[in-house]
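To start, the structure itself, in structure tokens.
The values are calculated or read from the model by the stated rules, or taken from the named source; none is laboratory data. Everything numeric in this text was worked out from a predicted model, so none of it was measured. All Cβ positions, glycine included, derive from the backbone under ideal geometry; neighbour counts span all protein chains shown. Note: areas computed on protein heavy atoms with side chains; ligands, DNA, RNA excluded. Shrake-Rupley method; radii C 1.70, N 1.55, O 1.52, S 1.80 Å.
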Amino acid sequence: NLLNKLLPQTQTVITKVEEKPVFIPQPDYFSDAIGKIEPKIVAIQSFSGGTLVRSGSGIVLTQGGLIGPLNSIVPPMLTVQVSANGKIYSGKVVFRNYANNLAIISIGESGLEVAGLKSELPALGQNLLAFAKTVSFGQDKPLVAEALVSQTDTARGLFKITIPYDQFLFGSVLIDDAGSVLGLLDFRNQKPAIIKAKALEESLSSGLTKSK
């Protein structure tokens with residue numbers, strides 16, 4: 001079981017978030033979701049003169065090879081390399097959304113599996129999963145971490161999560177137990193910041209126009 005290898009074994013416990021009971025799932029809680037999302041996430045590396053400068057994850061947004069990473073992972077003037085399902089592609093940035101720290105890059109590949117975006121807010125106390133890809137010995141490898149929804153603001157359409165800081169989780173995809181994507185994970189001053197699915201959809205729309 002892939003999830004058992006990625007997550008440490010846990011026990012069922014009860015905790016509280018704002019006086020509401022929360023179920024901490026068993027290790028196989030996200031196993032179906034991981035199977036769905038794994039081929040739709042890519043590892044991204046940015047190089048300068050052959051030296052690795054930035055790295056992180058990205059999400060497949062179209063079958064035509066448009067990928068959504070954090071803008072900070074693919075700075076201008078660098079060579080972008082994308083590892084997807086055992087293959088390595090050259091990436092080209094076609095759109096930058098500086099306000100939301102998003103970019104759209106093209107790898108010119110068709111037939112990729114596309115991730116489903118979900119704009120609805122998760123529930124307070126809901127367990128989510130941050131799924132990332134990192135490159136190890138030339139192969140893209142999965143990395144996961146559990147997150148807990150610690151705050152929701154329905155009026156503004158915002159939510160916050162609790163998750164330990166990890167540099168390898170930059171640009172990781174935040175999913176629910178159905179494998180739907182709620183957004184990308186960024187860290188600011190080592191605190192989690194969520195780039196919501198709606199911002200991804202807006203950037204994709206602009207990216208499609210630019211890539212034509």
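Check whether at least one residue in segment 171-188 is assigned to a strand (DSSP E or B), farther than 18 Å from Val82 by Cα and of a type in the set (Ser, Thr, Tyr), and report yes or no.
No, segment 171-188 contains no residue that is assigned to a strand (DSSP E or B), farther than 18 Å from Val82 by Cα and of a type in the set (Ser, Thr, Tyr).
Out of Gly50, Gly35, Gly65, which single residue is open to solvent by less than 40 Å² (accessible area, probe 1.4 Å) and more than 12 Å from the chain's Cα centre (by Cα)?
Only one candidate passes the filter, namely Gly65.
Could you identify the single residue in Gly179, Gly116 that is under 17 Å from the mean Cα position of the chain (by Cα), surrounded by fewer than 16 Cβ atoms within 10 Å (Cβ to Cβ), farther than 29 Å from Phe47 by Cβ and in contact (Cβ under 8 Å) with a residue 40 or more places away in the chain?
One residue alone meets the criteria, Gly116.
Could you look through segment 140-157, keep only residues that are part of a strand (DSSP E or B) and open to solvent by 70 Å² or more (accessible area, probe 1.4 Å), and pick out the one that is nearest to Lys198 (Cα to Cα)?
Checking each candidate, the answer is Gln151.
How about segment 182-192: which of its residues are touching a residue at least 12 places away in the same chain (Cβ under 8 Å) and not basic (Lys, Arg)?
Within segment 182-192, Leu182, Gly183, Leu184, Leu185, Asp186, Phe187, Gln190, Pro192 meet the criteria.
Residues are listed down the side, and each one gets a yes or a no for (1) aromatic (Phe, Trp, Tyr); (2) farther than 20 Å from Gly56 by Cβ; (3) in contact with a Cys (Cβ under 6 Å, 6 or more places away or on another chain):
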| residue | (1), (2), (3) |
| --- | --- |
| Glu120 | no, yes, no |
| Gln139 | no, no, no |
| Leu158 | no, yes, no |
| Phe168 | yes, no, no |
| Ser172 | no, no, no |
| Pro192 | no, no, no |
| Lys196 | no, no, no |
| Ser203 | no, no, no |
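If you take the residues of segment 68-93 that are in contact (Cβ under 8 Å) with a residue 40 or more places away in the chain and buried (at least 18 other Cβ atoms within 10 Å of the Cβ), which of them is nearest to Thr209 (Cα to Cα)?
Of everything passing the filter in segment 68-93, Gly68 is nearest to Thr209 (Cα to Cα).
Counting only residues that are modelled with pLDDT under 75 and open to solvent by 40 Å² or more (accessible area, probe 1.4 Å), how many does segment 194-212 have?
5
What are the residues in segment 158-176 that are open to solvent by 10 Å² or more (accessible area, probe 1.4 Å) and touching a helix residue (DSSP H, G or I) at 6+ places or on another chain (Cβ under 7 Å), if any?
Hit for segment 158-176 is Phe170, nothing else.
So, Arg156, is that one within 25 Å of Val94 (Cα to Cα) and without any contact (Cβ under 8 Å) to a residue 12 or more places away in the chain or not?
Against the criterion (within 25 Å of Val94 (Cα to Cα) and without any contact (Cβ under 8 Å) to a residue 12 or more places away in the chain), Arg156 does not qualify.
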